[in-house]
Amino acid sequence: MDISCLKPGQRIFVSGSSNEPEGLLDALRAEALPEGLHFVQFPLSGYNQADFTAWHPTFQATTMFMGANLRNADPARLHFVPMQMRAINDYLSRDIDVALIQVARGRDGRLRLGPNVDFTGAALACADFVLAELNEAFAAPAGCPLIDESRIDGMLVTNRPLYEFPAPAMDSAAIAIGERVAGLIRDGDCIQTGIGAIPAAILLALQDKNDLGMHGGIVDDGGMALIENGNVTGANKPVDTGRHVTGMAIGTQALMDWLAETPEVLFKGANHTHEVSVIRQLPGFVSINSAVEIDLMGQVNAEFAGGRQISGTGGSVDFMRAARLSQGGRSIIAMNATARGGTASRIVHRVEVVTALRTDVDIVVTEYGVAELRDLPLNARAEALIAVAAPEFRDELREDAQR
């Protein structure tokens, strides 16, 4: 593959999560690349392994999400930018010289992006050059955007099976939280969830609901099950009616095979999935996210632990604020009450870093109960949160609240 388009000092977008062009990255790393390249990626732990600062002592990397692949990166050449998903889309629509992407053919033989299109459209809109890995090991989701082959300047053909994201193990706490959250969902609501044991438990507990909508950043095996079961129909959505909107697919090969035959699952960029002017048109939009910790004022930390950046802002705040503007919408934080094997409370006096403001949170759910925070004054908020904390930490939290 011709890589003569690569020049010193270029900014290079690398598609992340389930659409990282791993074969293309392997081929590029074996080449004598120009100095001073600056890679930009939103990685996801489990999928993405590349640390671009390790490729060459002059290479830099910018990220908005600290995946496991970056834990040992050179801090002098790794730049973390705190930024919400909707803003990242605009950030990546400028100052990108080269885009590295993965593409695949659909069952109809047409070339498509995916299975992650969060920021690909933004990067393609401004990149001077596009290098693509055409992966023949899977069929592209039928609802992914088409791409004109003439837009691609260099293509590497591979046959590389996609990484299968393991099903999360749901313990009794996750199941209890899932059931409590499901009890807050009404027929006809439009839901957004994330990744992990608690989101999986929530989706599992929604199998008695009717005509739900789906609009968010992720579709996984749990979402597939609800669509196949008829719980999610999208019938009540005035926008993308009858469609199930996502930015990426994360899960098993069975999910990918199903998506290849299911055009009703519509893959859109973050300028649609996380756009408030779109989401506010969806009545009963319920944003369901998790947290590292939440404090007695309702401030959420979803990205920082032990003095270290462990993830990023992501899209949670975009969804939480949009839920506030949806008629009948609400934002839910669903999380375990404790961490570190039960030795630390996730409900704390003050969070380390504020990801979401106290004005962004409507409801907090733990395995111990549901705290309805919307419209509560500060003292009542603290009481409601203490009531859903683990019992062994409640006295200490009451003392903190009184101080």
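Compared with the alpha-carbon gap, the fully stretched path from residue 352 to residue 253 is longer by 31.8 nm at 0.36 nm per residue. Across the stretch 30-46, computed HN-Hα scalar couplings (Karplus, 6.51 cos²θ - 1.76 cosθ + 1.60, θ = phi - 60°) run 7, 8, 8, 7, x, 6, x, 5, 10, 8, 10, 8, 10, x, 9, 4, x Hz from first to last residue, x flagging Gly and Pro. As a calculated quantity, the FRET efficiency between residue 210 and residue 327 at R0 = 30 Å, using C-beta atoms, amounts to about 0.95.
A simple spin-label model places the labels of residue 72 and residue 30 2.3 nm from each other, with each point 7 Å out along Cα-to-Cβ. In summary, the chain shows an alpha-carbon radius of gyration equal to 0.99 times the 2.2 N^0.38 Å reference for compact globular proteins. Normalised by 2.2 N^0.38 Å, where N is the number of residues, the C-alpha radius of gyration of the stretch 1-158 stands at 0.97. P(r) for the stretch 211-255, from all Cα pairs and a bin width of 10 Å, is 31, 55, 14, 0 %, short bins first.
Working note: Debye formula, equal point scatterers on the alpha-carbon atoms of the stretch 1-80, no solvent; log10 I(q)/I(0) at q = 0.13, 0.17, 0.27 Å⁻¹ is -0.35, -0.62, -1.54.
Largest accessible area first, the listed residues 267, 42 line up as 42, 267 when surface is computed with a 1.4 Å probe on the assembled protein chains. By definition, a body whose alpha carbon gyration tensor gives a ≥ b ≥ c is oblate when a/c is 1.5 or more and a/b is not larger than b/c, and the stretch 178-270 fits this oblate description. Ligands, DNA and RNA excluded, the heavy atoms of residue 345 present near 20 Å² of accessible surface to a 1.4 Å solvent probe. Applying Stokes-Einstein at 37 °C and 0.692 mPa s to the Kirkwood radius of the stretch 239-352, computed over alpha-carbon pairs, gives a translational diffusion coefficient of 203 µm² s⁻¹. Binning the alpha carbon pair distances of the stretch 72-227 at 10 angstrom intervals from zero yields the distribution 9, 28, 30, 24, 9, 0, expressed in whole percent.
To make sure I understand the rule: partners must be lysines, Cα under 28 Å from the Cα of residue 268, and not fewer than 8 residues away in the same chain. Which ones qualify? Straight-line reach from residue 268, under 28 Å: 209, 237. Considering only C-alpha atoms, what is the centroid distance from the stretch 61-79 to the stretch 84-159, in Å? The stretch 61-79 and the stretch 84-159 have Cα centres spaced 23 Å from each other. For residue 54 and residue 376, the difference between the fully extended length at 0.36 nm per residue and the C-alpha to C-alpha distance is 111.0 nm. With helices as the sole contributors, the chain gives -6500 deg cm²/dmol at 222 nm; each DSSP H run of n ≥ 4 counts as -39500 (n - 2.57), and the sum is divided by every residue. Given their separation in residues at 0.36 nm each and the Cα-Cα distance between them, residue 148 and residue 343 gain 64.8 nm when the chain is fully extended. Per q in 0.21 Å⁻¹, report the Debye log10 I(q)/I(0) for the stretch 336-403, using one uniform scatterer on each alpha carbon and no solvent. Taking Cα atoms of the stretch 336-403 as identical point scatterers yields -0.93.
For the stretch 289-403, the normalised intensity computed at q = 0.14 Å⁻¹ comes to -0.51 (log10 of I(q)/I(0), Debye sum over alpha carbons, equal scatterers, no solvent).
The values are calculated or read from the model by the stated rules, or taken from the named source; none is laboratory data. For clarity, every value in this text was computed on a predicted model and none was experimentally measured. Using ideal geometry, Cβ is built from the backbone for each residue, glycine included, and neighbour counts are taken over all protein chains shown. Remember, those area values only see protein heavy atoms, side chains included, never the ligands or the DNA or RNA. Shrake-Rupley method; radii C 1.70, N 1.55, O 1.52, S 1.80 Å.
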